[in-house]
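**Q** Handing you this structure, nothing more for now.
The values are calculated or read from the model by the stated rules, or taken from the named source; none is laboratory data. All values derive from a computational prediction rather than experimental measurement. Every residue, glycine as well, gets a Cβ built from its backbone with ideal geometry; the counts of neighbours run over all protein chains shown.
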Amino acid sequence: MTPENPVLPLRERKKLRTRQALIDTALELFGEHGFDRVTLDQLCESVEVSKRTFFRTFSSKEDVAAAPTQDLWTAFLEVLEDHPPQGRPLVSLYEEALVEAIGRMPSDTWAQRALASRRLAARTPSMDAHGLAFCNRVSREAAAVTERRFTLDSAEKGTAEEGIAALRVRLALDMLLSAFHQALAAWVAQPAGHTREDLTRRLRAACAELPGALAATAEPRGEEAVR
């Protein structure tokens, strides 16, 4: 939901506006001055909120700077809670849920915020560490939703088979995350066209290559071939 959504109570809309102001100001200040050179006090002063208000919304500077992509994965978990399985492969199920989550991001603003956030992360090691921890948390939560909502048709009853089913869930999630990271990196690197639709196109293309990546055979190259 957005701060302008009339369905939300006024108090919630104000909270969302404050949250968005913190994200926008943080990305602007960090981008202009550098992540480490902007203090939390300076950020809060620029938005005219207290540090207590900040910590009601975010856990750290890294958290606010990474908010655009974290919002996407939060939406992914929400979609996964209601997404129909329709007997499709797990990776395909996750792909469709993530595509729907991208579509839920604000069309006029999210892409530029995500772009600024990823460019900042590329030169901020602490954001990479924060992102890794967030990805691990999303994987755990997505696996829990999957195991609660769905039964894998290839999993038989029994301890060993159930363990295999859980492993397949995590592997499928890891493949989706890998495809997304490749798509996101290519999207950020392109000179123009930073839209939700283009990110979706790149995600589709990356996911389409997963079967080929699993089946690819390594052959010797050059001098290795004649040994």
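**Q** Of the residues that sit in region 91-118 and are loosely packed, with under 15 Cβ neighbours inside 10 Å and either in the same structural domain as Phe30 (by TED's automatic domain parsing) or not polar (S, T, N, Q) (or both), which one is farthest from Ala172 (Cα to Cα)?
**A** For region 91-118, the residue satisfying everything is Asp108.
**Q** Then there is this: Quick check, is Arg88 more than 26 Å from Asn136 (Cα to Cα) and either charged (D, E, K, R) or in the same structural domain as Gln112 (by TED's automatic domain parsing) (or both)?
**A** So Arg88 fails the test.
Matching residues to (1) modelled with pLDDT under 95; (2) closer than 22 Å to Ala133 by Cα:
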{"residue": "Glu4", "(1), (2)": "yes, no"}
{"residue": "Asp36", "(1), (2)": "no, yes"}
{"residue": "Leu43", "(1), (2)": "no, no"}
{"residue": "Ser60", "(1), (2)": "no, yes"}
{"residue": "Gln86", "(1), (2)": "yes, no"}
{"residue": "Glu95", "(1), (2)": "no, yes"}
{"residue": "Thr109", "(1), (2)": "yes, no"}
{"residue": "Leu115", "(1), (2)": "no, yes"}
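**Q** In this structure, is Ala166 farther than 21 Å from Ala101 by Cα, surrounded by 13 or more Cβ atoms within 10 Å (Cβ to Cβ), small (Gly, Ala, Ser) and more than 15 Å from the chain's Cα centre (by Cα)?
**A** yes
**Q** Quick check on region 16-34: of everything there that is at pLDDT 95 or above and among the hydrophobic types (A, V, I, L, M, F, W, C), which residue is surrounded by the most Cβ atoms within 10 Å (Cβ to Cβ)?
**A** Within region 16-34, the match that is surrounded by the most Cβ atoms within 10 Å (Cβ to Cβ) is Ala26.
**Q** For region 3-60, name all the residues that are basic (Lys, Arg) and under 19 Å from Arg123 (Cβ atoms).
**A** Across region 3-60, the qualifying residue is only Arg37.
**Q** Within the bounds of region 122-137, is there any residue that is more than 19 Å from Arg202 (Cβ to Cβ), among the acidic types (Asp, Glu), exposed (fewer than 15 other Cβ atoms within 10 Å of the Cβ) and more than 15 Å from the chain's Cα centre (by Cα)?
**A** no
**Q** Follow-up. Quick test of your reading of the structure: Asp174 fulfils all but one of (1) in a helix (DSSP H, G or I); (2) over 14 Å from Leu98 (Cβ atoms); (3) not aliphatic (A, V, I, L, M). Name the failing condition by number.
**A** (2)
**Q** Within region 6-40, which residues are assigned to a loop (DSSP other than H, G, I, E, B) and among the aliphatic types (A, V, I, L, M)?
**A** Val7, Leu8, Val38
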